1. Can you tell me which residue within the range 84-142, out of those that are more than 30 Å from LEU70 (Cα to Cα) and out of contact with any strand residue (DSSP E or B) (no Cβ under 9 Å at 6 or more places or on another chain), is most open to solvent (accessible area, probe 1.4 Å)?
2. Return the residues of the range 119-159 that are basic (Lys, Arg), in contact (Cβ under 8 Å) with a residue 60 or more places away in the chain and not in a strand (DSSP E or B); say none if nothing qualifies.
3. Can you tell me which residue within the range 154-166, out of those that are over 14 Å from LYS64 (Cα atoms) and of a type in the set (Val, Ile, Thr), is nearest to the chain's Cα centre (by Cα)?
4. Taking only pairs six or more apart or across chains, which ones have beta-carbon atoms under 9 Å, a first residue in the range 90-113 that is in contact (Cβ under 8 Å) with a residue 12 or more places away in the chain and part of a loop (DSSP other than H, G, I, E, B), and a second residue that is open to solvent by 70 Å² or more (accessible area, probe 1.4 Å) and of a type outside the set (Gly, Ala, Ser)?
5. Looking at the range 29-47, which of its residues are assigned to a helix (DSSP H, G or I) and surrounded by 10 or more Cβ atoms within 10 Å (Cβ to Cβ)?
6. Out of the range 18-28, which residues are loosely packed, with under 10 Cβ neighbours inside 10 Å and under 30 Å from ILE148 (Cα atoms)?
7. Out of LEU57, LEU70, which single residue is open to solvent by less than 30 Å² (accessible area, probe 1.4 Å) and touching a residue at least 60 places away in the same chain (Cβ under 8 Å)?
8. Which numbered condition trips up THR49, out of (1) in contact (Cβ under 8 Å) with a residue 24 or more places away in the chain; (2) in contact with a Ser or Thr (Cβ under 9 Å, 6 or more places away or on another chain)?
Amino acid sequence: MLLLILKIIAFIILAICLGFVAYWAVAVIKGDAVMKILKTKKTPLKVETMDRHHVTLSYTIPIKNVGKQLGTVMDAFVRIYLPFEQYDDARVTGHLDDFDVPRHDDYWQAYIVEPGKEKRFYITLDIDGKGTSILGDLENLPEFGMDIIYQIVARSDYYYAKTRIVITREEVQNALYEYTTEAGK
């Protein structure tokens, strides 16, 4: 009798183990969503608005699902790394929106990205000068980093990922030059 009970318990344990193996085999074969920000497809900075003490710059950057399953971008935001010890002539803040459905209330509306498809993030940089002219305040703007941080939900547990974008002084200067040249015409 004891031998029969042990055989039944062993069979149940074996069945559970085989079930886990089968589940993970199917998960590996079917794959998951894998989101990747395509840094090489980032658009150049563009001046959206500008006055004597403020400028708003923008750019777009795609995020692509390079995986095999649907993935949901549940949350996304930017973080600017420009401490006042490094640069104190202006304050730089960033905002991230869905390019196709921009919002102006800092609320992120989740969206689904199909396998092999891209969506675009729309990122704005608001720069508030502290001097008498925003152009003067930005003359010594150093290169600074900005992280795009996003939460993905798919077949596996949700996860956060981030991609570092570097904004150079030359990029900012070129955007300002193009804007002031167009405004002067």
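1. So the residue we want is GLU85.
2. ARG155
3. Ranking the candidates gives ILE165 first.
4. Listed pairs, sorted by first residue: PHE99/ARG120; ASP100/ARG120; TRP108/MET74; TRP108/PHE77; ALA110/MET74.
5. LYS30, LYS39, LYS41
6. Listed by number, the list holds a single entry, VAL28.
7. LEU57
8. Condition (1) is where THR49 drops out.
The values are calculated or read from the model by the stated rules, or taken from the named source; none is laboratory data. Please read these numbers as outputs of a predicted model, since none were measured by experiment. Methodologically, a virtual Cβ is constructed for each residue, glycine included, from the backbone with ideal geometry; neighbour enumeration extends over all protein chains shown. Surface accessibility is based on the protein's heavy atoms, side chains included, excluding ligands, DNA and RNA. Shrake-Rupley method; radii C 1.70, N 1.55, O 1.52, S 1.80 Å.
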